[in-house]
Structures are given as C-alpha cells and as structure tokens.
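Notes for the one structure printed next.
The values are calculated or read from the model by the stated rules, or taken from the named source; none is laboratory data. Computed from a predicted model, the values in this text were never measured in an experiment. Here the Cβ positions follow ideal geometry from the backbone for every residue, glycine too, while neighbour counts run over all protein chains shown. Please note that ligands, DNA and RNA were not included when accessible areas were found on the heavy atoms of the full protein model with its side chains. Shrake-Rupley method; radii C 1.70, N 1.55, O 1.52, S 1.80 Å.
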Amino acid sequence: MPPTPAPTPVPVEVFLHPSPAEWWQIVAALAPVAVLIAAAVGAFMAWQTLRQRAIADDRAEWWKRTQWALDSALDRDEDTRALGLAALEVLASSELARDEELELLDIAWKSVTGHEEHPAAQHIPVNASSPATASQQRVQVAAARLRVTLDRRLGRPTPDQTKARAKEEL
C-alpha cells in the first residue's frame, strides 16, 4: 500500500471584532504602575519619618546639653558658672534652638546676672568700686556673649556696653 500523505491543516479564518477593552484588562495593564507608585509613596513616607526622628533626637540631645549648661551656669563656683554661660552661648547659636528655648535661655541669663529690669535697659554689671577677680571677669564676659547671641537671635537691640564686654578675652 502506498504511503498515506500527511493530512494538511485546513486554514481557519478568525475574525476579531474591535471592541473596547474590558475594565479588568485595563486594571491588569496598570497594575505594575500602581505598584511602582505605592512603593514610591511608601519610600517617601519612610524617609520623612526617619528625618523627623533624627530631628527629634537632635533636639532631645540639645536639651540635655542645655540642662547641663543651665546647672553649670547657676553653680556657686565662678569658673563653673563661666563655663556654663559659654556653653549656653554656643547652644543659643544652634539652629535647634527655637524662639521658645531662646526665651528660656534669656530668663536663665537674667537669673544668673541678677537682671530683672526691662530687656532694652539691661547691661552686664561692672562694679567700678571693687575690681573683679579673673573668675568674675570670665563670668561677665561669658554672660555678655550669651546676651549678644540671644539678642541677635531674638531680634532685639544689644546695649553698646554689653557688646564691648562681649569682645573682651575670657
């Protein structure tokens, strides 16, 4: 018997009727874009949270240093007091110090130097009748520097006498 020829496929005509895509087809096509957007939003939120946490941690450390400096500024020992006032001046220069904290440092400055009068009239005391010891001099200069820094940050005028005292050597 002769070999049977292999059957040949019969062409089938397929007609595609153009119609709008179904909603689920559109959603399926956009799913990768939606995942990418969700990941970007999540990454941004995580970055913001970390940044906010870092600022909060920095502010907490600033306040710990400020507490130490305030305790030192109120110490009975003149040298410790001068060191505390100098540290407060550095802390008052920090961007971490907001106006509320600067106002607190201003109250501390008044407490340390014994000033309770109107801020515009305040100056660093200079007792002409008795010469100041080296330690007292350091306290007065450190207090003047703190006052100049606070006035600059709070937008207040500083008396010329205080500015001159602040320029003296510690």
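Annotations
- On a per residue basis, region 1-114 carries 78 Å² of accessible surface, using protein heavy atoms and a 1.4 Å probe.
- The longest part of the chain holding none of the exposed loop GluC sites (Glu not before Pro), meaning those outside H, G, I, E and B in DSSP with at most 11 other Cβ atoms within 10 Å, is 23-94.
- Rounded to the nearest 10 degrees, the angle from helix 78-93 to the longest Cα principal axis of the chain is 40 degrees.
- Value of [θ]222 nm, deg cm²/dmol, for the chain, DSSP H segments ≥ 4, -39500 (n - 2.57) each, nearest 500: -22500 deg cm²/dmol
- Of the chymotrypsin sites (Phe, Trp or Tyr not before Pro) found in region 14-84, those that fall in a DSSP loop while having at most 12 other beta-carbon atoms within 10 Å are Phe15.
- Residues considered: Ala38, Ala29, Ala56. Largest GNM mean-square fluctuation over the chain, using C-alpha springs under 10 Å, is found at Ala29.
- In the elastic network of the chain, a GNM with C-alpha springs shorter than 10 Å, the most mobile of Val112, Val90, Val14 is Val14.
- Interatomic Cα distance distribution for region 28-81, bins of 5 angstrom, percent: 4, 17, 10, 10, 9, 8, 9, 6, 6, 5, 4, 4, 3, 2, 1, 0
- When Thr80, Thr8, Thr149 are compared by accessible area at a 1.4 angstrom probe, the order from most to least is Thr8, Thr80, Thr149.
- Counting every pair of alpha carbons in the chain, the share spaced more than 30 Å apart comes to 49 percent.
- Whole-percent carbon and sulfur share, accessible surface of the chain, 1.4 Å: 63 percent
- The chain: angle of helix 134-154 to the longest principal axis, Cα-based, in degrees nearest 10: 40 degrees
- Ranked by solvent-accessible area (1.4 Å probe, protein heavy atoms only, all chains present), the residues Ser72, Ser93 order from largest to smallest as Ser93, Ser72.
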